[in-house]
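Please read the structure below before turning to the comments.
The values are calculated or read from the model by the stated rules, or taken from the named source; none is laboratory data. No experiment lies behind these values; they were computed from the predicted model shown. Using ideal geometry, Cβ is built from the backbone for each residue, glycine included, and neighbour counts are taken over all protein chains shown. Side chains are part of the model used for accessible areas, which takes the heavy atoms of the whole protein and leaves out ligands, DNA and RNA. Shrake-Rupley method; radii C 1.70, N 1.55, O 1.52, S 1.80 Å.
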Amino acid sequence: MTMPCQARGFATALRDGLSSLRLTLFLLFALALTSIIGTVVQQNLAPAEYQQRYGTGTSKLFNALDLFDMYHSWWFLLLLVLLAANLFACSCKRFPAVWRHLRRPTVLMDETLERSLPCREEFPTTVAPEQAAERAAALLLAEFAPPLRTATADGIQLFAQKTPAGRLGAYLVHLSIIVIFGGAIIGSLFGFKAYVSINEGASATTAVSRAGKPIELGFAVRCDDFGVSFYDTGAPREFKSLLTILENGRPVPGYERVPVIVNKPLTYKGITFYQSSYGQADGGIYRFTVRQRSGGTPIPLTLRQGESARLPDGGSMHLLEATDEVSRFIPAVSGPAARIEVHPLRGESSAFIVFANYPGFDEQRGAPLIFTYAGADATMFTGLQVAKDPGVWVVWSGCLLMVAGCYLAFFVSHRRIWVRITPGRVIVAGGASKNQPAFERRFAELAARLRQTIAREDQ
């Protein structure tokens, strides 16, 4: 079936437009610019953080332009598709000629080709062309590549080539980029990134996307335990969750109490759980003591967050907030701390912080009542980033293709040698697709060996 002229003209014009170098430069510049924007504007933060950073108006504008999740935006995917189409069109335009050149190489060296080749040697011989061709073919087979022999009107020609696949490196790199883009698009369209927080002992079956959309996992993940260790400075050294995957309410063999730490995630059914954050879950009990500055036995107090308790002087104490590690907010101190508000029976109310690791700190306040924080019996929650990327193996395949393509493109040279034998004369010529200096040295050695071999047999 042949394509109508009008359709063939449109296809050619489309191919030429897509293979335009200007389009390539524009797309590369656009991708570089948008990547800079994606680096400067931190991606996938909570909406409240964006409003705090950029203000309400600017954050709305950026959100409308998809700058907060630009790598999943339609216009970024469009840039990838256009660049992939550009590479495909360039390859379609130039690859057929290269493929024909490889499948049907020029085995006869005419004068035009001979003048165009960078390496050429000529020497006389008294050996008959048939005998000289046999010796030259044996030498090429042993030291270069199997030659093709062609009888011509004035003698015999030999042609030999090595590693013609080196000319395919650029096209393999083009293909690898298209495959990588394909993997990125598959991951963007069919994958997700979400977040889930699970209290110790509890389980979850859904995660929440950045846009607040619930995503069903298809199974349950339970946090059996959570632990955190700290440096002497109070900074967290490591926080670890023990996770169990549940199917129909039962643990999945091999996925029970799996430790998950930063850079060591858990993957099940293509969904990966990364350790992201942690904190105290609601509902914990916070323990305090209060005593009179004038003396007496300390009185224990227990509160939940937001609760109030009656004090010995008739006033009240209210727990505003608490943390298991205060150094994240006050670097000079470490350990658990609580911010409380005291309403004395007489006098003004005051809010202050008490530290578990510094029980005498509140004495410096000079108030009649001295408070001490004894810590919390609180349940922790683990914060997990949940990600699914079905295109990741496609991307890895593209990376392997790129390595192979770069190796062919930069390190494998297509080398060719022609030998024309006529009565009384031998001409050797050749060229390489890359690394011409190395080929020139090799050609000189091979030409000298040909000359010696034929001359020695001639004696």
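Placing +1 on each Lys and Arg Cβ and -1 on each Asp and Glu Cβ, with no other charges, gives region 361-455 a dipole about its Cα centre of roughly 1600 debye.
Treating only the Cβ atoms of Lys and Arg (+1) and Asp and Glu (-1) as charged, compute the dipole magnitude of the chain about its Cα centre; round to the nearest 20 debye. It would help to have the intermediate numbers written out before the result.
Values: 46 positive and 37 negative charges, 313 e Å.
Using only the charged Cβ atoms, the result is roughly 1500 debye.
Model label sites at residue 37 and residue 449, defined 7 Å from Cα along the beta-carbon direction, differ in position by 5.9 nm. Note the angle between two axes, namely the Cα long axis of helix 169-190 and the longest principal axis of the Cα atoms of the chain, as a number of degrees from 0 to 90, rounded to the nearest 10. Once rounded, the angle reads 30 degrees.
Is the shape of region 130-172 rounded, prolate or oblate, going by the alpha carbon gyration tensor and its root eigenvalues a ≥ b ≥ c, with a/c under 1.5 for rounded and a/b larger than b/c for prolate?
Values: a/c = 6.08, a/b = 2.04, b/c = 2.98.
Oblate, because a/c is 1.5 or more while a/b does not exceed b/c.
Based on the alpha-carbon set only, what is the convex hull volume of region 59-218 divided per residue, in Å³? Before the final figure, lay out each step's value.
Details: hull volume 38.3 nm³, N = 160.
Roughly 239 Å³ of hull volume per residue.
The simple Förster model, with R0 at 60 Å and r as the Cβ-Cβ distance, assigns residue 352 and residue 256 a FRET efficiency of 0.85.
Given a cut-off of under 8 Å on Cα pairs at least six residues apart, what relative contact order in percent is computed for region 326-445?
Values: 96 pairs, mean separation 14.4, N = 120.
With pairs under 8 Å counted, the relative contact order is 12 percent.
Would you work out the relative contact order for region 84-205, in percent, from Cα pairs under 8 angstrom that are 6 or more residues apart? Relative contact order comes out at 28 percent. So if the hydrodynamic radius of region 403-451 is defined as the Kirkwood radius over C-alpha pairs, what does Stokes-Einstein give as its diffusion coefficient at 25 °C and 0.890 mPa s, in µm² per second? Value of D from the Cα-based Kirkwood radius: 201 µm²/s. For region 60-107, the Kirkwood hydrodynamic radius from C-alpha pairs, put into Stokes-Einstein at 37 °C and a viscosity of 0.692 mPa s, yields a diffusion coefficient of 242 µm² per second. Translational diffusion coefficient of region 341-382 (Stokes-Einstein, Kirkwood radius from Cα pairs, 25 °C, 0.890 mPa s): 203 µm²/s.
Ordered by solvent-accessible area of protein heavy atoms (1.4 Å probe), largest first, the residues 268, 255 come out as 255, 268. Here the average projected area of the convex hull drawn through the C-alpha atoms of the chain stands at 38.3 nm². The heavy atoms of residue 101 present about 60 square angstrom of accessible area, all protein chains included, probe 1.4 Å. When the charge dipole of region 131-233 is built from unit charges on Cβ atoms (+1 for Lys and Arg, -1 for Asp and Glu) and taken about the Cα centre, the candidate among 131, 198, 165 whose Cα reaches farthest toward its positive end is 131. For residue 407, the accessible surface of its heavy atoms amounts to roughly 130 Å² (probe 1.4 Å, protein chains only, rounded to the nearest 10).
Legend: residues 396, 74, 99, sorted from most to least accessible area (1.4 Å probe; ligands, DNA and RNA excluded), read 74, 396, 99. Ordering 108, 182, 152 by Cα displacement along the dipole of region 106-222 toward the positive end leaves 182 in first place; charges were set at the Cβ atoms of Lys, Arg (+1) and Asp, Glu (-1). Per-residue accessible area (protein heavy atoms, 1.4 Å probe) orders 301, 400, 28, 172 as 400, 28, 172, 301, starting from the largest.
Here region 1-92 has an Rg and Dmax of 18.8, 63 Å, counting Cα atoms alone.
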